[in-house]
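What follows is a single structure, written as structure tokens, with notes after it.
The numbers here are math on the coordinates, done by the rules we state, and not lab data. Being a predicted model, the structure only gives us computed values, none of them experimental. Because the Cβ atoms are built from the backbone with ideal geometry, glycine has one as well, and the counts that use them run over all protein chains shown.
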Amino acid sequence: MSEFLQITTAAGSREEADRIATTLVDRCLAGCVQIIGPIRSVYRWQGQIEHSEEWLCQIKTTREQYDALEAVIREIHSYDCPEIIATPIVAGSEAYLQWLAEQIAAPGSAGG
């Protein structure tokens, strides 16, 4: 099951999170994107501590699609340095993971 990943990225608005999610699913780079928010993020940027309201995207994909997915996020994201973190999915429902694989390998997709 280690072929599956959950990618995390945060967006500065709900509209941006929706655009990222829709683009990734439309291009069959992700089977599902869950948008959570708003959340509160505290981080250091250019020497200053920042407090921001963000929307968290949890993206389900495969290791094979990671490079293309990262490139698309970098292309359409408004941040100079967007969070893009991949976590292996080490276990999951067999039926869900089968469905996920089918969504990413859809005919005419970037992966299929």
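Quick rundown of the values:
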{"quantity": "Between region 1-57 and region 65-86, the alpha-carbon center distance in angstrom", "calculated": "10 Å"}
{"quantity": "From phi via Karplus (6.51, -1.76, 1.60), per-residue ³J(HN,Hα) for region 33-42 in Hz, x at Gly/Pro", "calculated": "10, 9, 10, 10, x, x, 10, 10, 10, 10"}
{"quantity": "Inter-label distance for Ala86 and Glu102, nm, one decimal - labels placed 7 Å from Cα along Cα-to-Cβ", "calculated": "2.5 nm"}
{"quantity": "Label-point separation in nm, Asp67 to Asp26, each point 7 Å along Cα→Cβ", "calculated": "2.5 nm"}
{"quantity": "GNM flexibility winner over the chain from Leu97, Leu29, Leu69 (Cα, springs under 10 Å)", "calculated": "Leu97"}
{"quantity": "Cut-off under 5 Å, modelled amide H: who pairs with Phe4 long-range", "calculated": "Arg63, Ile89"}
{"quantity": "Rg [Å, one decimal], Dmax [Å, integer] - region 4-104, C-alpha atoms", "calculated": "14.0, 46"}
